[in-house]
Structure formats: structure tokens, C-alpha cells
Amino acid sequence: MSQIAYSSIPAWARPAAPTDDVPFDLSGRSYIIVGVGPAATEPVHRWATTVGSDNLCCALTFEDVDQATATLRHELLRARVGVRVVILAPRGAALALRGVATTAGLMDDEIGVTVVGVDAIEVFCSHCTALTRTDLGVDDVIDCAGCGRHLLIYHHVSRRSGHYLGFMVDAETASVAEGVKQ
């Protein structure tokens, strides 16, 4: 995968990113630690121990990213100034959880992310707005689950949703995309 110089993909979500815990500011007043998948269980426990019970708001692990995002959204509604969020999840789930945190108003320095485990990413079709799950990455081409167009997975990730941008790979040369559902 090539990487353009400027991209909205966080460094931790890129293929060559380290999978070790990212150094994180421990000066928060409270912490929400959320993990997704079996690989997150031990790191969530380790982080909970690191921040200590006096500062721990909650430490949660989930098998499902949808349940994790709903719970994080709920916990952030109850949070106060000084909260920090620590995310321990596979890349796609981590992007979705980061989206919940940024939508709630947290800044990047208030969110710590460590990628653990492997999962699919979601690609947003700029033509029909459908989401397509895939194990592929930037510069790969997938078929849109909604309209069938051949989408190029682009170097852009939405901060609010965690979805990669996809657009028709041959949009400038094709008059009608082959196989596109009408």
C-alpha cells in the first residue's frame, strides 16, 4: 500500500503501525477504557491497573463493535471535563470508536488508541452511500455492496464515522460502470 504524504488515516490505523500500547497522557481526571475482541481483554485490564481505581470511570470489553460504540456513546454523555478515552480494538472497530469519541467533542490528545486483533474496515460509497465491509485496504478495489460499482479505497477516513472513502475507480474513463445496479 502506498501512502500519500497527507492523509486522514491516523498513524495507528496504517498497515505498518506498531501494535504496542501508544504512549498516552495520564493526567486525565477520569478514564473510559473500552476494548473490542478477545485480544483486548488483557490490555484493558493492564490499562485499568495503570490509571488506578481513583481515576477509572469504567473499563469495558465487548465482542461486538456495535455494542461497544453504543456503550461508549452512553458513557460519554455522562462524562465530565477531564475524561480520557483509551481504545483497544482491531483497526476497523478502533476507527468507529474514535469516531464516537470525536463526535462527542474529544480532541485527539484525549483519545489513546492501540490496535489489537484483526477485523474488517467499512468503506463508504460516495455514489450510493452504502457501506461495504472488507479486509482489503487503501488503493485496493472492492465491489460496492449497494450499487455494485468498483470502488477504489481512498486515503481518507471520516473522523466522525471511521469509514474509509470509496469512489468508482474508473469514474473518469467509464461512461457507464459495468455491472452497476440501476
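Annotations for the structure displayed:
- Scope the range 139-182; condition modelled with pLDDT under 90 and among the β-branched types (Val, Ile, Thr); matching residues: THR173, VAL176, VAL180
- Here THR132 meets the list (1) assigned by TED's automatic domain parsing to the domain that holds LEU151; (2) more than 30 Å from LEU152 (Cβ to Cβ) almost entirely, failing just condition (2).
- All positions within the range 51-99 that are more than 15 Å from ILE111 (Cα to Cα) and in a helix (DSSP H, G or I): VAL65, ASP66, GLN67, ALA68, ALA70, THR71, HIS74, LEU77, ARG78, GLY92
- Within the range 89-105, not a single residue is more than 28 Å from LEU165 (Cβ to Cβ) and either surrounded by fewer than 20 Cβ atoms within 10 Å (Cβ to Cβ) or of a type in the set (Lys, Arg) (or both).
- Test: residue in the range 145-158 that is under 24 Å from TYR31 (Cβ atoms) and buried (at least 18 other Cβ atoms within 10 Å of the Cβ): no
- The residue list GLY162, GLY148, GLY82, GLY105 contains one member that is at positive phi and touching a helix residue (DSSP H, G or I) at 6+ places or on another chain (Cβ under 6 Å), which is GLY162.
The values are calculated or read from the model by the stated rules, or taken from the named source; none is laboratory data. Computed from a prediction, not measured in an experiment: that's the story for all the values here. Heads up, the Cβs are rebuilt from the backbone with ideal geometry, glycines too, and the neighbour counts pull from every protein chain shown.
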